[in-house]
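Everything below concerns the one structure shown next.
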Amino acid sequence: MKKVKNYSFYEFIMKVHSISKIGLTYSKDPYALENYIELSELSSKMLKSFAKVDFKRPQYFSKDLYPTPNVSVRMVIFDDLNRVLLVKEKVDGGYTLPGGWADLFESPMEAIRKECMQEAGATVNVEKLSGVYHYDFLHRGSEQSQYVLVFKGHLTKPLKPWGHEITDVGFFPLTQLPKSISFKIERKDLVKMIKDAMQEVTAFE
């Protein structure tokens, strides 16, 4: 791939290409799939002509080039009573920390702020990196190998309405966490992440 002078335009094309790949992976609606296919083809053509990307050669558009962990972000937010903010996932009815996958061209700070707003309607100030945790099928039973970056922060504005993937948002004492925990995280790991943030340590696992 050649060096790109108009980087903002290249970033836009890459974002469209990334959205098309996500849509093709997760969407079940046939009309939406047609649109994602068209977006993928158009963005691929633009990348070939604009940035001279050769899709026949190994590069980072192909996840099988060199298997590496994905990166996700999570946020631990306490209120004045030292209760932790949790969101209830629509997909399984379980609670977890607000967060999700980091997207292309996002810094970890940008990713976690965006996820907090989308999932919890939370405008946050990031105070520190609280922990880096390794997840895969050998470590904590995750289907995908990933590094989870957990941050500690606090609200800067009152909570707003949350996103469509979430059915409830609330603050909970560490000793009274909800019975139903999301399949994305084990209860003991959720408790550890909260305690690590509470104790002002930075965990690396």
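Annotations for the structure displayed:
- Scanning region 71-105 for residues that are of a type outside the set (A, V, I, L, M) and exposed (fewer than 15 other Cβ atoms within 10 Å of the Cβ) yields a total of 8.
- Single match in PRO173, PRO178, PRO161 (criterion: surrounded by fewer than 13 Cβ atoms within 10 Å (Cβ to Cβ), at pLDDT 95 or above, more than 18 Å from the chain's Cα centre (by Cα) and under 25 Å from GLY121 (Cβ atoms)): PRO173
- Annotation note: Cβ proximity below 6 Å between a residue of region 6-33 that is more than 17 Å from LYS45 (Cα to Cα) and a residue that is of a type in the set (A, V, I, L, M, F, W, C) and assigned to a helix (DSSP H, G or I) (sequence gap 6+ or interchain) occurs for SER27/LEU33.
- For the residues GLU186, GLU200, the requirement of being surrounded by fewer than 15 Cβ atoms within 10 Å (Cβ to Cβ) and closer than 16 Å to VAL76 by Cα singles out GLU200.
- Scanning region 41-50 finds no residues that are modelled with pLDDT under 90, assigned by TED's automatic domain parsing to the domain that holds GLU11 and touching a Leu at 6+ places or on another chain (Cβ under 8 Å).
The values are calculated or read from the model by the stated rules, or taken from the named source; none is laboratory data. None of these values were measured; they are calculated from a predicted model. Here Cβ is always computed from backbone atoms with ideal geometry, including for glycine, and neighbour counts include all displayed protein chains.
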